[in-house]
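Report on the following structure.
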Amino acid sequence: MYQLQVSGMHCGHCISAITQGVARLDPLAQVKIDLPNGQVRIQSQLPLQQLSTLITDLGFEVISQAEV
Ligand SMILES: [Cu+2]
């Protein structure tokens, strides 16, 4: 399980952009987003760095990332 602190998420569109972006790379991934707290939790076999890069490429800022 990865936990990322992400800035720039404001609404449902942001949530679906990240959720669908992750699903494109890993259809089996599970994504949970806590919008008010800017927290993204991802269960995936992909490397954390790849997911972090994806979120950055989608236009958000990854403030911190950790494997938990
Ligand atoms: Cu949004």
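The values are calculated or read from the model by the stated rules, or taken from the named source; none is laboratory data. Fair warning: this is a prediction, and the values are worked out from it, not measured in the lab. Backbone-built Cβ (ideal geometry, glycine too); neighbour counts: all protein chains shown. Surface areas here come from the heavy atoms of the whole protein model, side chains and all, with no ligands, DNA or RNA. Shrake-Rupley method; radii C 1.70, N 1.55, O 1.52, S 1.80 Å.
Label separation (residue 20 vs residue 3): 2.9 nm, computed from points 7 Å beyond Cα along the C-beta direction.
The string of couplings for region 14-29 from the Karplus curve (6.51, -1.76, 1.60, θ = phi - 60°) is 4, 4, 6, 4, 6, 4, 6, x, 5, 4, 5, 7, 9, x, 8, 5 Hz, one whole number per residue in order, with x for Gly and Pro.
Leaving out ligands and nucleic acids, and using a 1.4 Å probe, what accessible area per residue does the chain come to in Å²? Before the final figure, lay out the partial values.
On the way: 4120 Å² over 68 residues.
Heavy-atom accessible area per residue stands at 61 Å².
Between residue 56 and residue 34, take the C-beta separation as r, use R0 = 25 Å, and let me know the FRET efficiency to the nearest 0.05. Intermediate results must be reported in sequence, preceding the final value.
Details: r = 19 Å, r/R0 = 0.75.
Here the calculated transfer efficiency is 0.85.
Evaluated with a Cβ-only charge set (Lys, Arg +1; Asp, Glu -1), the chain carries a dipole of roughly 120 debye about its Cα centre, given to the nearest 20.
For region 2-67, what log10 I(q)/I(0) values come out of the Debye formula at q = 0.15, 0.22, 0.27, 0.29 1/Å, with one point per alpha carbon and no solvent? Calculated log10 I(q)/I(0) at the listed q: -0.36, -0.83, -1.35, -1.61.
One decimal place: the segment residue 46-residue 66 gains 5.8 nm when fully extended, by the rule 0.36 nm per residue minus the C-alpha distance.
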